[in-house]
């Protein structure tokens, strides 16, 4: 008894011919490839800014700018520090801001939809800021 498949085998039938004979299969195949290459909804759009990005009035009455590239400074074009969100999926968000390569390090918290940052520096002194309109 033969264990060969009961399906007919056509010699010379190639994958190209299968797609040519069944155009709907080509559309399905290309649709699957396109869907697999799209980012998931959970990743969000690549251009989405972090909530900290923008202009803030700091506790020492200066304006601080947090930039989308992870830098921060006292003027829009000056980048004297860096910031990083260490828990992006939690509320409040926790940020570590390094001003001057470790000279001053602030730990800040920002609640969802809030206009106030608050936290402390490495000496546990309180620091805070209020979002300014663009």
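For this structure, a couple of remarks:
- If the condition is being free of Cβ contacts under 8 Å to residues at least 12 places away in the same chain and either outside any loop (DSSP other than H, G, I, E, B) or farther than 17 Å from residue 55 by Cα (or both), then the range 90-134 contributes 90, 101, 102, 103, 118, 123, 124, 125.
- Counted residues, the range 44-72 - those being farther than 21 Å from residue 94 by Cβ and modelled with pLDDT under 50: 3
- Unmet criterion (only one of (1) in contact with a strand residue (DSSP E or B) (Cβ under 9 Å, 6 or more places away or on another chain); (2) surrounded by fewer than 17 Cβ atoms within 10 Å (Cβ to Cβ); (3) more than 19 Å from residue 61 (Cα to Cα)) for residue 83: (2)
- Among (1) in contact with a strand residue (DSSP E or B) (Cβ under 8 Å, 6 or more places away or on another chain); (2) at pLDDT below 95; (3) on the phi < 0 side of the Ramachandran plot, the one test that residue 110 misses: (2)
The values are calculated or read from the model by the stated rules, or taken from the named source; none is laboratory data. Note that the coordinates shown come from a computational prediction; the quantities given were computed from them, not determined experimentally. When we count neighbours, we look across all protein chains shown, and the Cβ atoms used for this are built from the backbone with ideal geometry, even at glycine.
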